[in-house]
Amino acid sequence: MILLIITGCSLYDSGRGYKSKNERVLLYTGYNTHISDSIDINGYYCRSDKPNRGYIFYDNGTCVSFDFLDEFRDTIGYPLTQLMTYIYTMPDVAYYKTYDTFASTGGTYKVENNTIIADFYIERINGLFHWPYWEIYSQYFNLIDKHMLRLCKTIIYDKEGTDTIYTNMQYNFVHVDTIPSYFHVDARKKKWLWNNKNDWKGYKRELKAYKDSIKRARKLKTENQ
């Protein structure tokens, strides 16, 4: 299966020697942004007027945006014990059909000059050949205080160039007792998001072990019912 990714003005084929030329941040083993020194990350960030979109930032350079299920829209902005029940997810059929990933976008970020620069990746399907490919867009969040971000800019990349949108949107922190693991961020599985092949292979082993543990836990729960 051929995987395509659109970055900037170029179309790359990650299945045929794709080189990650335009990503600002690539993952590697032991990477830590220390973002928790600047903001609270034990939860998510959403707009003060409670739209459907939320953001999570992990210390290891991973970020994700997600949407709440329509029936739980009134839950947005209020503390929760856990999050996965309330948001759009999709089954990962490659792993026993027992593991859910974010049905949204994930990617990587860095902190530079008091600003979070986050690159989000969206998986698409080519209508003609039904090939999956990945698009990228970047968002810039100013760090206001421990519980507030301000989205100041979004850059959308496509085959023809870039489109920059300037905004002034406030995002407030919402506590969640247990946030979803970064293992649920689908983009992390892609080799082109990693700095080197060995780190990517190491993460794939960690991911499989995590999913195996979920399978065992669910099996044990079923047997004890």
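The values are calculated or read from the model by the stated rules, or taken from the named source; none is laboratory data. Note that the structure is predicted; figures quoted are calculated from it, not measured. Cβ atoms come from the backbone with ideal geometry, glycine included; neighbour counts cover every protein chain shown. Surface areas here come from the heavy atoms of the whole protein model, side chains and all, with no ligands, DNA or RNA. Shrake-Rupley method; radii C 1.70, N 1.55, O 1.52, S 1.80 Å.
Quote to one decimal, in nm, the extra length available between ALA217 and THR85 on full extension: 0.36 nm per residue of separation minus the C-alpha distance between them. Don't jump to the answer; show the numbers that get you there.
On the way: separation 132, 0.36 × 132 = 47.52 nm, distance 1.74 nm.
Going from the current span to full extension adds 45.8 nm.
Give me the orientation-averaged projected area of the Cα convex hull of the stretch 34-173, in nm², one decimal. Please list the in-between numbers first.
On the way: hull surface 40.6 nm².
Here the figure is 10.1 nm², rounded to one decimal.
Give me the distance in nm between label points sitting 7 Å out from Cα along the Cα-to-Cβ direction at ILE125 and LYS204, one decimal.
2.4
About the Cα centre of the stretch 35-112, how large is the charge dipole given +1 on each Lys and Arg Cβ and -1 on each Asp and Glu Cβ? Please answer in debye to the nearest 20.
Numbers: 6 positive and 11 negative charges, 23 e Å.
That gives the stretch 35-112 a dipole magnitude of about 100 debye.
For the stretch 24-71, what is the charge dipole size about the Cα centre, in debye to the nearest 20, if Lys and Arg each add +1 at the Cβ and Asp and Glu each add -1 at the Cβ?
Values: 4 positive and 7 negative charges, 42 e Å.
So the dipole magnitude of the stretch 24-71 works out to roughly 200 debye.
Given the C-alpha centroids of the stretch 41-112 and the stretch 176-217, what is the distance between them in whole angstrom?
That distance is 16 Å.
Within the stretch 64-192, what percent of beta bridges assigned by DSSP are antiparallel, to the nearest 5? All intermediate terms of the calculation are to be shown ahead of the outcome.
Numbers: 42 of 44 bridges.
Antiparallel bridges make up about 95 percent of those DSSP assigns within the stretch 64-192.
What is the local net charge at GLN82, summed over the other residues whose Cβ is closer than 13 Å to its Cβ (Lys, Arg +1; Asp, Glu -1)? Can you show the working numbers first?
Numbers: positive: none; negative: ASP100, ASP177.
So the environment of GLN82 carries a net charge of -2.
For the pair CYS152/THR164, report the inter-label distance in nm, with labels modelled 7 Å from Cα in the Cβ direction.
So the two model labels end up 1.2 nm from each other.
Where the convex hull is taken over the Cα atoms of the stretch 140-225, what is its projected area averaged over directions, in nm²?
Values: hull surface 38.0 nm².
Taking the Cα atoms of the stretch 140-225, their convex hull projects to 9.5 nm² on average.
Sketch the reach of a paramagnetic label on ALA103 as a point 7 Å from Cα along Cα-to-Cβ, and name the residues of the stretch 36-57 whose backbone nitrogen lies under 17 Å away.
52-54
Order SER48, SER104 by their accessible area, 1.4 angstrom probe, all chains in place, largest first.
Working: SER48 70, SER104 35 Å².
The ranking, largest first, comes out as SER48, SER104.
In what order, largest first, do VAL93, VAL64 sit by accessible area if the probe radius is 1.4 Å?
The most accessible residue leads, giving VAL93, VAL64.
How large is the charge dipole for the stretch 134-225, taken about the Cα centre, if only the Cβ atoms of Lys, Arg (+1) and Asp, Glu (-1) carry charge, to the nearest 20 debye? Working shown, then result.
On the way: 19 positive and 11 negative charges, 156 e Å.
With only Lys, Arg, Asp and Glu charged at Cβ, the dipole is about 760 debye.
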